[in-house]
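The values are calculated or read from the model by the stated rules, or taken from the named source; none is laboratory data. Fair warning: this is a prediction, and the values are worked out from it, not measured in the lab. All Cβ positions, glycine included, derive from the backbone under ideal geometry; neighbour counts span all protein chains shown.
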Amino acid sequence: MKDKIHIIIQLLPILGIGSLIWLFLYGIHLGIFDTANSLVSFIGQFGRYGVALFISIQIVQVIVPIIPGGISTVVGMMMFGDYRGFLYSYIGLVIGEIIADHLVRHYGHGFVKMILSKKNYEKFENLIERNQAKIRTLLVLTFIIPFAPDDLACFVAGFSRVKFKDYLLIIMTLKPISIAIYSYLILHVVHLFIK
């Protein structure tokens, strides 16, 4: 049973990206992306639930990587505008990282093995074994360096001696930096192709 769950979790990013591509193509077919107004109208039909749905996706994607975080953040910025999309991403990602930390601290290696691929789990194990004293520095660096595996570092922090209040301070103060850097880089590339 654990193997089936592990396989499903490993396939979720592929399904998430495939679904995102399909939704994007379907949105083009419907004319949702023709103008900014058509996109706003589309999102507007979900009302306040659109925001809750987006934040929920961000929370889940930290724990189970359905869509890469940078891509989902850019989608949020395109849907809600740069500032609000950024803010909603920040809220969802921070909540997701808090939940991930608690899950790792409570369920331990079994939980991490279920979520990560074998290759990433081995990296995870090596990080813990070799760098126990440097986990705080690792966390800081993964939040500052764009595209660094910060979600993986959050799992590592769950096994470390980093106090929860220190962990929370790090993610709340540094997560905006990583979100801003990778989101605006990806958004710039997207705008090059949409124009």
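Brief remarks follow.
- If you go through the range 152-177 and keep only what is of a type in the set (Ser, Thr, Tyr) and at pLDDT below 85, you end up with just 160.
- Wholly within the range 75-166, helices (runs of 4 or more DSSP H) carrying at least 3 residues that are of a type in the set (Gly, Ala, Ser): 82-107, 150-159
- Lone unmet requirement of (1) crowded, with 19+ Cβ neighbours inside 10 Å; (2) out of contact with any Leu (no Cβ under 6 Å at 6 or more places or on another chain) for residue 74: (2)
- Residue, farthest from residue 60 (Cα to Cα), within the range 143-183, restricted to residues that are touching a residue at least 12 places away in the same chain (Cβ under 8 Å) and among the polar types (S, T, N, Q): 160
- Within this structure, residue 186 passes the test of being aliphatic (A, V, I, L, M), touching a residue at least 24 places away in the same chain (Cβ under 8 Å), within 21 Å of residue 59 (Cβ to Cβ) and in a helix (DSSP H, G or I).
- Residue list for the range 70-97, restricted to those being hydrophobic (A, V, I, L, M, F, W, C) and either more than 18 Å from residue 139 (Cα to Cα) or at pLDDT below 90 (or both): 71, 74, 75, 77, 78, 79, 80, 86, 87, 91
- Criterion (under 28 Å from residue 4 (Cα atoms) and β-branched (Val, Ile, Thr)) met by exactly one of 98, 145, 179: 98
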